[in-house]
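**Q** Here's a structure for you.
The values are calculated or read from the model by the stated rules, or taken from the named source; none is laboratory data. Nothing here was measured: the structure is a model prediction, and the numbers come from that model. Virtual Cβ from ideal backbone geometry, glycine too; neighbours counted across all protein chains shown. The protein model used for the area step is the full one, side chains on, heavy atoms only, and it has no ligands, DNA or RNA in it. Shrake-Rupley method; radii C 1.70, N 1.55, O 1.52, S 1.80 Å.
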Amino acid sequence: MAPHDLRRPFKRAAISDQQKRRELSLLRQAQNRRNAQHQARCLASSILSLQSSAPESEPEQSDIEIETVPETEHESEAFSKDPDVRRASTLRGPEARKWFAKQLMLPEWMIDVPDRLSQDWYVLARPAGKRCFVVSSNGTTVSRQRNGSILHYFPSALPAGAKTRDGSGSAQSYCILDCIFHESDQTYYVIDTVCWNGYSLYDCTAEFRFYWLNSKLEESGACNAPSHYHKFRFSAVPVYNCDQSGLYAAYTGAVPYVKDGLLFYNKHAHYQTGNTPLVLVWKDENCSQYVIDTDGKGEIPSQQQLVLELQDDRKLVTSDDPPVLFGCLDGDIIEKSGIQSGNLLRFAIGDGGLSFVDGKLEKADLVYLGKSNRARVFADSYSKVIFQFMVRHSPLKMDDLLASINSPDDQEKIPSDIEMVG
Amino acid sequence: MEVTQVLLNAQSIDGAVRNNAEESLKQFQEQNLPGFLLVLSGELVNEEKPVETRKLAGLILKNALDAKDQQRKVELVQRWLLLDGNAKSQIKSGLLKTLSSPVSDARSTASQVVAKVAGIELPHKQWPELVVSLLSNVHQLPAHAKQATLETLGYLCEEVSPDVIDQDQVNKILTAVVQGMSASEGNIDVRLAATRALYNALGFAQANFSNDMERDYLMRVVCEATQSPDVRVRQAAFECLVSISSTYYEKLAPYIQDIFNITAKAVREDEEPVALQAVEFWSSICDEEIDILEEYGGDFTGDSNIPCFYFIKQAIPALVPMLLETLLKQEEDQDQDEGAWNIAMAGGTCLGLVARTVGDDIVPLVVPFIEENITKPDWRQREAATYAFGSILEGPSPEKLIPLVNVALTFMLTALTKDPNSHVKDTTAWTLGRIFEFLHGSAVDTPIITQANCQQIITVLLHSMKDTPNVAEKACGALYFLAQGYEEVGPSSPLTPFFQEIVQSLLTVTHREDARESRLRTAAYETLNEVARCSTEETAPLVLQLVPVIIMELHNTLEGQKLSSDEKEKQGELQGLLCGCLQVIIQKLGSSESTKHVFMQYADQIMGLFLKVFACRSATVHEEAMLAIGALAYATGPDFAKYMPEFYRYLEMGLQNFEEYQVCAVTVGVVGDICRALEEKIVPYCDGIMTHLLKNLSSNQLHRSVKPPIFSCFGDIALAVGEYFEKYLMWAMSALQSAAELSTHTAGDDELIEYINTLRNGILEAYSGIFQGFKNSPKTQLLIPYAPHILQFLDGIYMEKDMDDVVMKAAIGVLGDLADTLGSHAGSLIQQSVSSKDFLNECLSSEDLMIKESAEWAKLAITRAISV
């Protein structure tokens, strides 16, 4: 029985870096597992927590329910016309992603300048980052990305966003904000408001939603620096009337975030889920790092690539409603590669390019590349393909936008022309 | 066989003779175990045999009863139990007889073997007369036999657990031991054996320590023994006090003043081994009070926990000056000697524990010492003052410490550059690290690092990285905590302007000729990792630039061929550091879309290198490389499939590495990462993976901590491959079911309950993954037969009332998944379960939002399952 060793660690940190690496790995794995489970269980639970937290506010509840009804176009049997929230809970994987994608309003790409840009539209510089829904209710705030995975679970100064000592997180209230999480300054930039403190803003015009957002967000304290009851800062994105100075400000003005293009909102448009031409996105090298699409490796392919959906009759179409026809696939290819209708396929645009007649797509020189990445849920939209095509050949430039604003006479003339004819 | 000659040969200097002898012993053992053991015990007991062969015979006997390896140990125990009864009693009586041998080596070998036999037999209620026969005539024994008997009792108490020996026998043992210790015992060897035996017997004395009179007596004898003229007895007596301090903390109040006087005298006057134990007594009291106070702070539930007696708080006016004195007794080169442990080090460590125990109260007791000594010409005084300062930085409040630190910081920075003594510089750099560790970061309101001094601090630290290895290592450590404090600083970090220079300096350190001394290279890479972890968007491009550099370094480690074993070890160590560094970078750059894109251009190259790292280790996979591959799979997504054909064999190797169970655990985690990355593309590898996982579960060689992650991994696989999991369903479910039965009931200490909860969580994650994987598949009905058991499991753990929040969330989630996947098939079963009512309601009103969310999901799924 030798004397017992009683040496203690001397001048050593209590935890080794290797242990730290192990623990961080485990943390990441647990988080990813939770996300995978959540995708499987779907957003239904978040909808539920809203319902249960807002039992007295029937109108809002029905608003949400309407939004959760899966749209029924070009979808598998997994969807039915049955407007039942609970259907959503049965969705997994790609179906879940489709469903979540449909909860957000998605801009079309600007391929020509809309009329009355300076009168009817707002412009804002879009922050680069993760697009997500931020939902505050019952004393907590959850942000969910387009694919349904939870980005953060945190207390916030949004109404009902934290359990505070004064009990301000009243059970009836909740918020749904459309945000972009900007990684480097850990800030949620609010680009739209869907519900505020129990009031549904779905059916309000963009004009009203932005007014509401600007007045309420600041007042709530959500723009304050992070604190114990407020984990992340929120910030409203400056919104300008799309006149010359507004457009210039959005395009060149200094903002605390990295820009990824400009967003144009039609002032009269309601918040509409899915693709809409009433919100447009436009970008060039001066206001975005990612103008031309890159491939999986992050490189710009020599030829433009696009993803189309194969229909029963071998037709290749976009994700638009109604879909836009881009061509037909050779029966040969279908046979050889064992693809089926409903598959998303990747093509390159060959040297023949795209041909237009009267502004309508007439012919596309498509070169088949293979099936698309399985994470894809939708084919590309028409406007995206055309925007990318234009970027490579004859981009829509800032000058063109400014020019359209600077010729108000033209726009005034249109009605008067009609008058003259009449 | 002439065993004496064989045993002599087995100790021959001539290798061939030795091997020959060992071989024939082995054969003998395999052919006739009882005969072999009898011959050995005969040799041990025989007074005519040479002492070397008696000793060796005893040693081989001992090794035939016990082994380090758990599996082998179980085998040996079984073999002994099945041995012929006559042979056993003959061996045992030989052993007991040897205890009174005049040859001390024979006695002490025999006493160890007796304890081993007792360790096997007493739990099986065999050899019940042992204690009695050992003690029957202990008073009449000659001193040398008495000593051997006491030594045997000591080993015995070390070998068996307290519940095996009844209180009556415990009383007898303690009586004999205490008599052997008492001053009336004239023989010093007997006193020493008795004191050492008491150390092991303390765990048996619960009842005796609850009896005031017996406790008083035990304590008096121990305290008297600390005054023995023999240094070994004094040391052993203080060891007893240390053990008592943690085992019987709550009984110490009446004695603490006396113990203080005894320890103070020992610390000041006694020889170092004794003084070290005396300091350790107070360190151990600190450990106890820190634990108790932590529990107070955590959750004041009013349970019948041990109360805090605040011994340290009461003792500090005298204790702290005593500890400060020890700080001045440094050894010249203790910082270069990894194994050093002396009174100054022990005293400083204890001072740090005291600071953590009493907080602010220690500050006024230490500050005068610092002020008096920090500028003295004698390096010992400057070092002691600095060490004292560094020691009290954890515990007291920032409000109390920051004013001191603000004054001291400039002084420290100057000392680190200018002090002529390396020991002082070492402690100064360490103290700076402690300052940054505890008083710098987003949690502290008043920053101690400002725009005004940041540049100077970094310049000094980078400069010190060129100092001797031990000083440079501490400087790296300080930089580590400096970077850590800026982890949550937001987009623009004060470190940005220095980032490049810091990275460069750290890389330079890793290339120092002497970088292997004082674990300098490890410290440099760890700091590099932390700097990379704390990088921001501004510095991401610089982290990206680091990637090809580390790739090249790793590539270089793969160049050398025909390495000696020492070089191989060096190479493995360096590869570990580089893979660890890549892991951190992959995780960092992979977490943001913009950097991930650029980073991915290196993925092929990095994966290629990891595979080569595995290949050059041939037998085992490298934990660090495995962790890094997990991070890479996560960043790569489905494209990771292209690496699988080559990587798979190393994955298998990792899953089979029972010895380094951390590697096995990490590999299991990586399987999960790969499942999520590949989804159904994992199918071709599932047969192999599932086989290994199932095998691992059924092995009793694998460390238990790996089992819960294996269950979670079942869930990951099922979720990835969906109904394809059918192949494994029966096997997986049966493994889950038996684990579930085991983990429903918990009885044991906190550690066991914690383990059981981890196990439950793994099982529940498996069930969730399986249900979710089969959802919407035509094969759902395959799961129906398992539903009753799963619901029973949920009810069982609910009723047990000892699950933690993580398990609660997972359990209620499984209820939802079950209802959701099986729907009306399980409706009536669900309605009968307790889980669907009380448990669900409890979760619905939980404070924990994650639990609440899962519960709401479950409620919805159940409503539907029942209504259809």
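**Q** List the helices (runs of 4 or more DSSP H) inside the stretch B:141-202, counting only whole elements, that have at least 3 residues being within 28 Å of B:Ala67 (Cβ to Cβ). Give the steps one after another, and end with the answer.
**A** Values: elements: B:143-159, B:167-181, B:188-201.
Answer list for the stretch B:141-202: B:143-159, B:188-201.
**Q** Is it true that some residue in the stretch B:324-340 is more than 14 Å from every other protein chain (Cβ to nearest Cβ), assigned to a helix (DSSP H, G or I) and modelled with pLDDT of 95 or more?
**A** Yes - at least one qualifying residue is present in the stretch B:324-340.
**Q** If we scan the stretch B:659-668, do we find a residue that is at pLDDT 95 or above and within 11 Å of another protein chain (Cβ to nearest Cβ)?
**A** Checking the stretch B:659-668: at least one residue is at pLDDT 95 or above and within 11 Å of another protein chain (Cβ to nearest Cβ).
**Q** Anything in the stretch B:320-359 that is under 16 Å from B:Trp430 (Cβ atoms), touching a helix residue (DSSP H, G or I) at 6+ places or on another chain (Cβ under 6 Å) and charged (D, E, K, R)? List them, or say none.
**A** Correct list: B:Asp335 only.
**Q** Is it the case that some residue within the stretch B:612-630 is within 30 Å of A:Val258 (Cβ to Cβ) and of a type outside the set (D, E, K, R)? Can you show your working first?
**A** Going through the stretch B:612-630, the residues within 30 Å of A:Val258 (Cβ to Cβ) turn out to be B:628, B:630.
Now drop any that are not of a type outside the set (D, E, K, R), which leaves B:628, B:630.
Yes, some residue in the stretch B:612-630 is within 30 Å of A:Val258 (Cβ to Cβ) and of a type outside the set (D, E, K, R).
**Q** If you don't mind, another one. Taking the options B:Arg512, B:Arg519, name whichever one is in contact with a helix residue (DSSP H, G or I) (Cβ under 8 Å, 6 or more places away or on another chain), among the basic types (Lys, Arg), within 14 Å of chain A (Cβ to nearest Cβ) and touching a residue at least 24 places away in the same chain (Cβ under 8 Å).
**A** Numbers: B:Arg512 fails: within 14 Å of chain A (Cβ to nearest Cβ).
Checking each option against the conditions leaves just B:Arg519.
**Q** Looking at the stretch A:193-209, which of its residues are of a type in the set (Phe, Trp, Tyr) and touching a helix residue (DSSP H, G or I) at 6+ places or on another chain (Cβ under 9 Å)? Full working, then the answer.
**A** Residues of the stretch A:193-209 that are of a type in the set (Phe, Trp, Tyr), as a first pass: A:196, A:199, A:202, A:208.
Once the filter is applied, which keeps residues that are of a type in the set (Phe, Trp, Tyr) and touching a helix residue (DSSP H, G or I) at 6+ places or on another chain (Cβ under 9 Å), the stretch A:193-209 yields A:Trp196, A:Tyr199, A:Tyr202.
**Q** How do the pairs read when you match residues in the stretch B:262-276 that are free of Cβ contacts under 8 Å to residues at least 12 places away in the same chain with residues anywhere that are open to solvent by less than 60 Å² (accessible area, probe 1.4 Å), using Cβ under 8 Å and keeping only pairs 6 or more apart or on different chains?
**A** none
**Q** Scanning the stretch B:445-486 for residues that are of a type in the set (Asp, Glu) and outside any helix (DSSP H, G or I), which turns out least open to solvent (accessible area, probe 1.4 Å)?
**A** B:Asp467
**Q** Being touching a Leu at 6+ places or on another chain (Cβ under 7 Å) and either more than 10 Å from chain A (Cβ to nearest Cβ) or open to solvent by less than 20 Å² (accessible area, probe 1.4 Å) (or both) is the filter here; which residues of the stretch B:841-855 pass it? Give the derivation first.
**A** Kept after step one, since they are touching a Leu at 6+ places or on another chain (Cβ under 7 Å), are these residues of the stretch B:841-855: B:852, B:855.
If the condition is that a residue be touching a Leu at 6+ places or on another chain (Cβ under 7 Å) and either more than 10 Å from chain A (Cβ to nearest Cβ) or open to solvent by less than 20 Å² (accessible area, probe 1.4 Å) (or both), then B:Ala855 is the only one that fits.
**Q** Keeping to the stretch B:657-668, report how many residues are in a helix (DSSP H, G or I) and open to solvent by 10 Å² or more (accessible area, probe 1.4 Å). Give the steps one after another, and end with the answer.
**A** Initially, the stretch B:657-668 is screened for residues in a helix (DSSP H, G or I), giving B:661-668.
Now narrow it down to the ones that are open to solvent by 10 Å² or more (accessible area, probe 1.4 Å): B:661-662, B:665-666.
Number of matching residues: 4.
**Q** Still on this model: Looking only at residues that are open to solvent by 40 Å² or more (accessible area, probe 1.4 Å) and under 30 Å from the mean Cα position of the chain (by Cα) in the stretch B:307-322, which one is modelled with the lowest pLDDT? Working first, answer last.
**A** Here is the first cut: in the stretch B:307-322, the ones open to solvent by 40 Å² or more (accessible area, probe 1.4 Å) are B:307, B:309-310, B:313-314, B:317-318, B:321.
Narrowing further to those that are under 30 Å from the mean Cα position of the chain (by Cα): B:307, B:309-310, B:313.
Details: B:Pro307: 87, B:Phe309: 93, B:Tyr310: 95, B:Lys313: 96.
The extreme case among them is B:Pro307.
**Q** So B:Thr427 fits all but one of (1) touching a Ser or Thr at 6+ places or on another chain (Cβ under 8 Å); (2) open to solvent by less than 60 Å² (accessible area, probe 1.4 Å); (3) more than 14 Å from every other protein chain (Cβ to nearest Cβ); what number is the exception?
**A** Among (1) touching a Ser or Thr at 6+ places or on another chain (Cβ under 8 Å); (2) open to solvent by less than 60 Å² (accessible area, probe 1.4 Å); (3) more than 14 Å from every other protein chain (Cβ to nearest Cβ), B:Thr427 violates only (3).
**Q** Among the residues of the stretch B:742-791, which ones are assigned to a helix (DSSP H, G or I), open to solvent by 50 Å² or more (accessible area, probe 1.4 Å) and within 14 Å of chain A (Cβ to nearest Cβ)?
**A** Once the filter is applied, which keeps residues that are assigned to a helix (DSSP H, G or I), open to solvent by 50 Å² or more (accessible area, probe 1.4 Å) and within 14 Å of chain A (Cβ to nearest Cβ), the stretch B:742-791 yields only B:Thr758.
**Q** Looking at (1) open to solvent by 20 Å² or more (accessible area, probe 1.4 Å); (2) within 14 Å of chain A (Cβ to nearest Cβ), which is the only condition B:Ile812 fails?
**A** Looking at each condition in turn, B:Ile812 falls short on (1).
**Q** From the list B:His703, B:His692, pick out the single residue that is surrounded by fewer than 16 Cβ atoms within 10 Å (Cβ to Cβ) and outside the structural domain of B:Val814 (by the TED database). Show your work before the answer.
**A** On the way: B:His692 fails: surrounded by fewer than 16 Cβ atoms within 10 Å (Cβ to Cβ).
It is B:His703.
**Q** I would also like to ask the following. Residues of the stretch B:487-500 being part of a loop (DSSP other than H, G, I, E, B), more than 14 Å from chain A (Cβ to nearest Cβ) and open to solvent by 20 Å² or more (accessible area, probe 1.4 Å), which ones?
**A** At the first step, the residues of the stretch B:487-500 found to be part of a loop (DSSP other than H, G, I, E, B) are B:487-495.
Next, from what is left, pick out any that are more than 14 Å from chain A (Cβ to nearest Cβ): B:494-495.
Selection gives B:Pro494 alone.
**Q** Sticking with this structure for a sec: Please verify whether the stretch A:24-36 includes one or more residues that are more than 9 Å from every other protein chain (Cβ to nearest Cβ) and modelled with pLDDT under 70.
**A** no
**Q** Given B:Arg220, B:Arg268, B:Arg196, which one is basic (Lys, Arg) and within 14 Å of chain A (Cβ to nearest Cβ)?
**A** Values: B:Arg220 fails: within 14 Å of chain A (Cβ to nearest Cβ); B:Arg268 fails: within 14 Å of chain A (Cβ to nearest Cβ).
That would be B:Arg196, the only listed residue that is basic (Lys, Arg) and within 14 Å of chain A (Cβ to nearest Cβ).
**Q** Also, quick follow-up: With the condition being basic (Lys, Arg) and either more than 14 Å from chain B (Cβ to nearest Cβ) or touching a residue at least 40 places away in the same chain (Cβ under 8 Å) (or both), I'd like the strands (runs of 3 or more DSSP E) fully within the stretch A:175-275 carrying at least 1 qualifying residues.
**A** Numbers: elements: A:187-196, A:233-236, A:239-241, A:259-266.
By residue number, A:233-236, A:259-266.
**Q** In addition: Out of all the residues in the stretch B:527-571, which are modelled with pLDDT of 95 or more, within 18 Å of B:His622 (Cβ to Cβ) and touching a Gly at 6+ places or on another chain (Cβ under 9 Å)?
**A** The answer is B:Asn529, and nothing else.
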